[in-house]
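Step one of this worksheet: look at the structure below.
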Amino acid sequence: MSHNETEMIKVVHDVGKTQFFCDIEGYRCFVEYEITEEGMIDIQHTMVNENLRGRGIAAVLLKEVSAFAQREGRKVIPTCSYAAKFYEKSREYAPIIVNEVAEGKIASSQP
């Protein structure tokens, strides 16, 4: 997917399902999250159908989650391994990521 195509992806935030999603070529791609007791956004799953992977769709979804977190003044916990890798590479989001991630100490899995 070209840069222009990823800019045209319409991402929907379904607050009730705690999910950001987009529908592309008949497939639903999504990021699922939970709001912690402390009010943080805990990213649980990032899902892009294997036929669509490598096209930047997951990054578009996570950028929307990040923009939401920034607007709401919330921190993000990237429990999902893809999200952890995304935030490790995308240092501009460090201020909204919990300290372990912002400092580059991402655990490969959390209990």
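Condition test on Gln70, is it polar (S, T, N, Q) and over 10 Å from the mean Cα position of the chain (by Cα)? The answer is yes for Gln70. With respect to Val101, is the statement that it is modelled with pLDDT under 95 and surrounded by 17 or more Cβ atoms within 10 Å (Cβ to Cβ) true? Considered against the rule, which asks whether it is modelled with pLDDT under 95 and surrounded by 17 or more Cβ atoms within 10 Å (Cβ to Cβ), Val101 comes out as yes. Among the criteria (1) modelled with pLDDT under 95; (2) part of a helix (DSSP H, G or I), the one Met1 does not fulfil is (2). Here is the figure for the range 7-40: residues that are at positive phi and among the β-branched types (Val, Ile, Thr) total 1. Applying the condition of being of a type in the set (A, V, I, L, M, F, W, C) and not in a strand (DSSP E or B) to the range 10-43 and asking which residue is nearest to the chain's Cα centre (by Cα) yields Val11.
The values are calculated or read from the model by the stated rules, or taken from the named source; none is laboratory data. In this text the structure is predicted, and so the values were computed from the model without any measurement. Glycine gets a Cβ as well: all are built from the backbone with ideal geometry, and neighbour counts include every protein chain shown.
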